[in-house]
Amino acid sequence: MTTPLSRLLSQQIHAHGPMTVADYMAQCLMHPQHGYYQQQRVFGRDGDFITAPEVSQMFGEIVGLWLIDQWQQLGCPARCHLIEFGPGRGTLMADILKTANLMPAFKAAVQVHFVETSQQLRALQKEKVATATWHDDITSLPDDAPLLIVGNEFFDALPIHQFIFQNRVWHERLVGIDPDDDTKLCWHIGPASAAVSLISPSLSPSEGDMAEACPAALSIMHSLANQLGAITGAALFFDYGYLKPAFGDSFQALKAHAYVDPLAEPGLADLTAHVNFHALAESAYKVGISDISLAEQGQWLMAMGLGQRAQQLASGKSATQQQDILVALKRLTAPDEMGQLFKTLTFTSKA
Ligand code: SAH
């Protein structure tokens, strides 16, 4: 199907040749007019996918408790920047701030910052957290007080490069125009870009293997870890992905809760890739952060007390409400739902 964006992409490909998956993904998600995240109705039951903060308020409450605990471990600083990457509808931060009412000194100390490129989503975020400051990227984030950082399903939206191992060499996977039908996009192969150097050297590839690299994610992690090392703080990220280096093709498109062809409707489907948590952790470690933990989301949430919170929330509620709470708890933690595929990465500036 041709979309307003596919026409623009075809013109670019005609002019400059096939583009990398990273260029394609960046334009599909973030093009200022036709990018996927410029639409508002992407999350939730009527949208294309449901994220953990939209499943239940309990998710944001547990994250809020973790942040309060980290703030206390930092010595309860009187000022602190609370930064969220890719806040979507702003639900996670709204639930964190409600939980912060339990600890007024924490609430008074934190100033909220959102890193968000989509103007449409910024408008929704403003309805939930009017006092936030918005940033296009990390370069304008403050560095004059400790940082508390959160992000849910942020890294999976960053552009990846894909590579294919053929004739004993890594090649770049590219998006080009179908020679038989110039209204259609199709896969091409070309010489590997410099991002090929990010493929883990610990694995030996076989003919036909695919590998992925996300330079944008590594560069953000590198900067955050550097900042945390310099001015103290803690960070917590949730995403779906893998803990050990691996080969494979995880590039996927989701529309109305179903998987679709990533090249079929540019700008109209969500594009994501699984996050390489090993590479993220390694990039923080390389700049001197040693307190790094990786866990499955289900285990992390249960260890943080999600089970008790669900019980407390359910007490005195109607049978239907109790059932809803149980369903949400299961959705967030069960191994066959979000519990195992989703991972948690935490790192702090502690020595
Ligand atoms: N955290 C939210 C939304 C996840 S979707 C939730 O859990 O519901 C990804 C979010 O990241 C969207 O808000 C999207 O606009 C934002 N985003 C994607 N790429 C970005 C980038 N490069 N810089 C800043 N924000 C980005």
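The values are calculated or read from the model by the stated rules, or taken from the named source; none is laboratory data. Values in this document were obtained by computation on a predicted structure and should not be read as measured data. FYI the Cβ positions are ideal-geometry reconstructions off the backbone, even for glycines, and counts take in every protein chain you see. Surface areas here come from the heavy atoms of the whole protein model, side chains and all, with no ligands, DNA or RNA. Shrake-Rupley method; radii C 1.70, N 1.55, O 1.52, S 1.80 Å.
Key figures for this structure:
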| quantity | calculated |
| --- | --- |
| Lone qualifier among 203, 263, 243 - being open to solvent by less than 20 Å² (accessible area, probe 1.4 Å) and away from the ligand (no atom under 16 Å from the Cβ) | 263 |
| Leading residue by the ranking (most open to solvent (accessible area, probe 1.4 Å)) among those in the stretch 70-95 that are assigned to a loop (DSSP other than H, G, I, E, B) and more than 16 Å from the ligand (Cβ to nearest atom) | 79 |
| Lone unmet requirement of (1) away from the ligand (no atom under 11 Å from the Cβ); (2) crowded, with 17+ Cβ neighbours inside 10 Å for residue 98 | (2) |
| Verdict on residue 59 being within 15 Å of the ligand (Cβ to nearest atom), under 18 Å from the mean Cα position of the chain (by Cα) and part of a helix (DSSP H, G or I) | yes |
| Hey, residue 117 out of contact with any His (no Cβ under 6 Å at 6 or more places or on another chain) and at pLDDT 95 or above or not | no |
| Of residues in the stretch 120-131 being modelled with pLDDT of 95 or more and open to solvent by less than 10 Å² (accessible area, probe 1.4 Å), the one farthest from the ligand (Cβ to nearest atom) | 129 |
| Selection status of residue 131, assigned to a helix (DSSP H, G or I), polar (S, T, N, Q) and out of contact with any Cys (no Cβ under 6 Å at 6 or more places or on another chain) | no |
| Meets criteria (more than 15 Å from the ligand (Cβ to nearest atom), closer than 25 Å to residue 90 by Cα and open to solvent by 20 Å² or more (accessible area, probe 1.4 Å)) for residue 65 | yes |
| Among residues of the stretch 109-141, those that are touching a residue at least 12 places away in the same chain (Cβ under 8 Å) and small (Gly, Ala, Ser), counted | 4 |
| Count of residues meeting criterion [charged (D, E, K, R) and open to solvent by less than 60 Å² (accessible area, probe 1.4 Å)] in the stretch 170-200 | 4 |
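Each row is one residue, and each column tells you yes or no for (1) in contact with a His (Cβ under 6 Å, 6 or more places away or on another chain); (2) not hydrophobic (A, V, I, L, M, F, W, C).
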position	(1), (2)
241	yes, yes
252	no, yes
279	no, no
292	no, no
317	no, yes
323	no, yes
328	no, no
334	no, no
348	no, yes
